[in-house]
Amino acid sequence: MTSRERMLGALRCEPVDHVPCCFISFTALRRRVNEDMYALVEAEQAMGLDSMLFLPAASRPQRPEHPDLRGLPVRFAADVETRCWREADVLHREYRTPDGSLTTSVRPSEDWPHGEHIPFVDDYQVPRALKHLITSPQDLPALAHLLRPPTAEDIAAFAEEAARARSFAREHGVLLVGGWGVGADLLNWLCGMEPLMTLTHEQPGFVAALLEMVHAWNMQRMEVVLSGGVDLYIRRAWYEGCDFISRKFYREEVLPRLAAEVELAHRKGAKFGYICTSGLEPLLDCFLDAGIDVLIGIDPVQGTKTDMARIKAKAGNKMCLWGGVSGAVTVELGTEEQVRAAVRRALSTLGPQGFILSPVDNITIDAAQTWRNLEVFLDEWRQSWTADQEVGVQ
């Protein structure tokens, strides 16, 4: 099988020649190839991995307003004016719109990566925020000016990139992936995590209205990405597990919108992937009801409520699972035997059908121990499917 055929077989929960190994994210290697997503595919294939090509391929430095939201550019309406300024040790940003102004303030720490700039949405600003951008229903009219559909120029640029990507993916036999979709993750960036948790209980109507605004914006962006002929569309949902959202609110407000996005992807001929690495088990019925094809980010170490055996039993052959080994704890910091044992456990518990092996959810530390453990990780994976082939011959 080609890598693409193997990945599609796993996504369909069908038998494949062996369990694919495709890294969800590989920052350490991506930096070595200077953020070139096409070079990343070639480097991963040289390691023997089942790689995937993600588009749009813009790197973090190319998306300063939304470094943690991969995908199409985020554009504000032409009538929005922004300004950033510093007062002592605090950075401020204001967005002036015809329907009022929005403001946010952060106190940067030593590891603040954005200089004098505050991005529109970003992980770094949430714990450092003194004031979050969205705090009440009165902010929604102004926010509508910041959540604008892709421009004609962005759509044309994406179509050109997608044509190149399809040709590259065919030549290299790899899966073509698009995204990212976003839902409650964007709300966490806009409102802050703890305030949002409170708002879902005290002002659920406000949160639902905000979620609907984000959903409509996301569907517009999905339409563009799906027009590129991607095999798999991925929605980021790191902050949509039950660590952050109650099961009741998820079923009432998140699930219907997620199901609509899944239906759109399927109608356009793409599989739908959902990245959530913690707080999974209470929501498995919701994931299955939504019809997602693959749950990405099964982390048995750092994720809460991620018992792999129970997740596999619930998913069965209805939903593919992707992950199985902690990247940050096991691969980057573990011993050789810990890595081997973790790979064996992931393969035996989550495989063989409907499973894609990967560290969860990233490999970021470019250090000698990381690369040694990656060699061990891949060796144990190869031994598993070599053994399967030998058994098949006998």
Item checked: For the range 9-72: accessible area per residue (Å², 1.4 Å) -> 35
Notebook entry, point to check: In angstroms, what radius of gyration and Dmax does the range 237-394 have, counting Cα atoms only?
Noted result: 16.7, 53
Next item on the list: Work out the length of the dipole vector of the range 281-394 about its Cα centre, built from +1 on the beta-carbon of each Lys and Arg and -1 on the beta-carbon of each Asp and Glu, and round it to the nearest 20 debye.
Entry: 280
Margin query: With θ taken as phi - 60° and the coefficients 6.51, -1.76 and 1.60, list the Karplus ³J(HN,Hα) couplings across the range 330-344 in order, rounded to whole Hz; mark glycine and proline as x.
Written below: 7, 6, 7, 10, x, 7, 4, 5, 4, 5, 4, 5, 5, 5, 4
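In whole percent, how big is the carbon plus sulfur part of the accessible area of the range 162-212, probe 1.4 Å, protein atoms only?
52
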Note to self: Give me the Å³ per residue figure for the convex hull around the C-alpha atoms of the range 45-109.
What the structure shows: 133
Check: Relative to the longest principal Cα axis of the chain, at what angle does helix 255-267 sit, 0 to 90 degrees, rounded to 10?
Finding: 60
Notebook entry, point to check: Got the relative contact order for the chain handy, in percent, Cα pairs under 8 Å and 6 or more residues apart?
Noted result: 18
Check: How large is ³J(HN,Hα), in whole Hz, for each residue of the range 362-379 in order, when computed from phi with the Karplus curve 6.51 cos²θ - 1.76 cosθ + 1.60 and θ = phi - 60°, using x for Gly and Pro?
Finding: 7, 10, 10, 7, 8, 9, 4, 5, 4, 5, 5, 5, 5, 4, 5, 3, 5, 5
Check: Give me the log10 of I(q) over I(0) for the range 155-248 at q = 0.13, 0.17 Å⁻¹, as the Debye formula computes it from C-alpha points; what are the numbers?
Finding: -0.56, -0.77
Next item on the list: At q = 0.10, 0.14 Å⁻¹, work out log10 I(q)/I(0) for the range 90-228 with the Debye formula, treating every Cα as an identical point scatterer and leaving solvent out; two decimals please.
Entry: -0.44, -0.78
Check: Put +1 on the Cβ of each Lys and Arg and -1 on the Cβ of each Asp and Glu in the range 86-132; which of LEU130, GLY100, ILE118 then has its Cα farthest toward the positive end of the dipole?
Finding: GLY100
Check: Using the eigenvalues of the Cα gyration tensor, what equivalent ellipsoid semi-axes result for the range 17-70 when each is taken as the square root of five times the eigenvalue, whole Å, largest first?
Finding: 23, 12, 9
Next item on the list: Work through the residues other than LEU255 whose Cβ is under 14 Å from its Cβ and net out their charges, Lys, Arg +1 and Asp, Glu -1.
Entry: -3
Next item on the list: Evaluate the charge dipole of the chain about its Cα centre and quote only its size in Debye, nearest 20, assuming +1 on the Cβ of each Lys and Arg and -1 on the Cβ of each Asp and Glu.
Entry: 500
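Local charge sum around PRO108 (other residues, Cβ-Cβ under 13 Å, Lys/Arg +1, Asp/Glu -1)?
With Lys, Arg at +1 and Asp, Glu at -1, the net is -2.
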Check: What is the Cα centroid distance between the range 1-60 and the range 121-152, reported in whole angstrom?
Finding: 32
Next item on the list: Amide H neighbours of LYS271 under 5 Å, at least 5 residues apart or on other chains, H built in the peptide plane: list them.
Entry: LEU232, TYR233
Note to self: As an exercise, find the ratio Rg/Rh for the range 1-117 from alpha-carbon atoms, using the Kirkwood inverse-distance average for Rh.
What the structure shows: 1.15
Notebook entry, point to check: Sequence-distant or interchain residues sharing an amide H contact under 5 Å with VAL325, placed H: which?
Noted result: SER358, VAL360
Next item on the list: Report, in deg cm²/dmol and to the nearest 500, the calculated mean residue ellipticity at 222 nm for the chain, where each DSSP H run with n ≥ 4 adds -39500 (n - 2.57) and the sum is divided by the residue count.
Entry: -13000 deg cm²/dmol
Notebook entry, point to check: Around ILE292, which amide H atoms from residues at least 5 apart in sequence, or from another chain, sit under 5 Å from its own amide H, with H modelled in the peptide plane?
Noted result: none
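Roughly what % of Cα-Cα distances in the range 285-377 sit above 22 Å, to the whole percent?
Cα-Cα pairs in the range 285-377 separated by more than 22 Å: 26 percent.
Where does the chain land on the Kirkwood hydrodynamic radius, alpha-carbon pairs, in angstrom?
Across the chain, the inverse of the average 1/r is 21.8 Å.
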Item checked: Note, ³J(HN,Hα) from phi for the range 173-190, Karplus 6.51, -1.76, 1.60, rounded to Hz, x at Gly and Pro -> x, 10, 5, 9, 10, x, x, 8, x, 8, x, 5, 4, 5, 5, 5, 5, 6
Checklist line | Calculated diffusion of the range 119-187, Stokes-Einstein form, Kirkwood radius summed over Cα pairs, 4 °C and 1.567 mPa s, µm²/s | finding: 83
Next item on the list: Can you run the Rg to Rh ratio on the range 185-297? Use alpha carbon positions and the Kirkwood inverse-distance Rh.
Entry: 0.95
Next item on the list: Could you please state, rounded to a whole Å, how far the C-alpha centre of the range 281-338 is from the C-alpha centre of the range 174-226?
Entry: 22
Check: How large is Rg/Rh for the range 83-162, to two decimals, with Cα atoms and a Kirkwood Rh?
Finding: 1.06
Note to self: Considering only protein heavy atoms and a probe of 1.4 Å, how much of the accessible area of the range 238-394 is carbon and sulfur, as a whole percent?
What the structure shows: 51
Checklist line | Paramagnetic reach from THR103 in the range 133-173 [backbone N under 17 Å; point 7 Å along Cα→Cβ] | finding: 133-136, 138-140, 142-143
Check: By the scheme Lys and Arg +1, Asp and Glu -1, what is the net charge of all other residues having a beta-carbon under 13 Å from that of PRO195?
Finding: -2
Checklist line | Fraction of beta bridges assigned by DSSP in the chain that are antiparallel (%, nearest 5) | finding: 35
Note to self: As I understand it, the value is the acute angle between the Cα axis of helix 37-46 and the longest principal axis of the Cα atoms of the chain; what does it come to in degrees, rounded to 10?
What the structure shows: 20
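The values are calculated or read from the model by the stated rules, or taken from the named source; none is laboratory data. Values in this document were obtained by computation on a predicted structure and should not be read as measured data. All Cβ positions, glycine included, derive from the backbone under ideal geometry; neighbour counts span all protein chains shown. The area values use the complete protein model at the heavy-atom level, side chains included, leaving out ligands, DNA and RNA. Shrake-Rupley method; radii C 1.70, N 1.55, O 1.52, S 1.80 Å.
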